[in-house]
């Protein structure tokens, strides 16, 4: 991790948490257990809320919902199936508040086809702090979208996890340092003090 001290202006910074919902947090993830990711995400959300900074909770509707992608892939074609009960419900551990911004996406990234960018720009946000599941899918795709839109980014390594430890580690080692700063929950909390 970069030794440069992190300082965050709460008036211009938003917390964006990706896919911390029952259907995804219930999957076996690595290298951080979902319970640990959720605890760190909650600590961050509580601090952002206390400072009056935006907390954005992004959830994904089942991929076979209208607007979802259906590419032909080597991994196989997605099967048409109803969304499992509770799939897109936000995890209770986040203690979602009425002041939180909830964004529903139907793609991997939280910017494509949503009003996330509008929510951030209307509030004068120029920096986003990212966490969630899965690191190399929803978090990475959202990060690339944020990079293309000119946002400064901070990636909270212990507030995210993936389906495979190696994809989490690879994304954190090779992708995120090229488009932002990689920090721990404690470092981000200290940067907001």
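Kindly evaluate residue 51 against the criterion of being modelled with pLDDT of 95 or more and under 19 Å from residue 141 (Cα atoms).
The answer is no for residue 51.
Restricting to the stretch 40-63, name every residue that is in a helix (DSSP H, G or I) and within 14 Å of the chain's Cα centre (by Cα).
Result: 40, 41, 42, 44, 45.
Among 96, 75, 81, which is in contact with a strand residue (DSSP E or B) (Cβ under 6 Å, 6 or more places away or on another chain), in a loop (DSSP other than H, G, I, E, B) and either modelled with pLDDT of 95 or more or farther than 27 Å from residue 50 by Cα (or both)?
None of the others qualify; the one that does is 96.
If residue 86 meets every condition in (1) in contact (Cβ under 8 Å) with a residue 60 or more places away in the chain; (2) farther than 18 Å from residue 55 by Cα; (3) in contact with a helix residue (DSSP H, G or I) (Cβ under 6 Å, 6 or more places away or on another chain); (4) buried (at least 16 other Cβ atoms within 10 Å of the Cβ) apart from one, which number is that one?
Result: residue 86 passes all but (4).
If a residue has to be in a loop (DSSP other than H, G, I, E, B), closer than 23 Å to residue 109 by Cα, in contact (Cβ under 8 Å) with a residue 12 or more places away in the chain and in contact with a helix residue (DSSP H, G or I) (Cβ under 8 Å, 6 or more places away or on another chain) to count, how many in the stretch 1-31 make the cut?
Number of matching residues: 5.
When the stretch 99-108 is examined, which residues are found to be modelled with pLDDT of 95 or more and assigned to a loop (DSSP other than H, G, I, E, B)?
Matches in the stretch 99-108: 99, 100.
Filter the stretch 114-131 down to residues that are in contact with a helix residue (DSSP H, G or I) (Cβ under 7 Å, 6 or more places away or on another chain) and closer than 25 Å to residue 22 by Cα and give me whichever is surrounded by the fewest Cβ atoms within 10 Å (Cβ to Cβ).
Checked the stretch 114-131; the qualifying residue surrounded by the fewest Cβ atoms within 10 Å (Cβ to Cβ) is 128.
What number of residues within the stretch 135-164 satisfy the criterion of being touching a strand residue (DSSP E or B) at 6+ places or on another chain (Cβ under 7 Å) and closer than 20 Å to residue 21 by Cα?
14
The values are calculated or read from the model by the stated rules, or taken from the named source; none is laboratory data. Predicted, not measured: the structure shown is a model, and the values here were computed from it. Note that we place each Cβ from the backbone using ideal geometry, even for glycine, and neighbour counts take in every protein chain shown.
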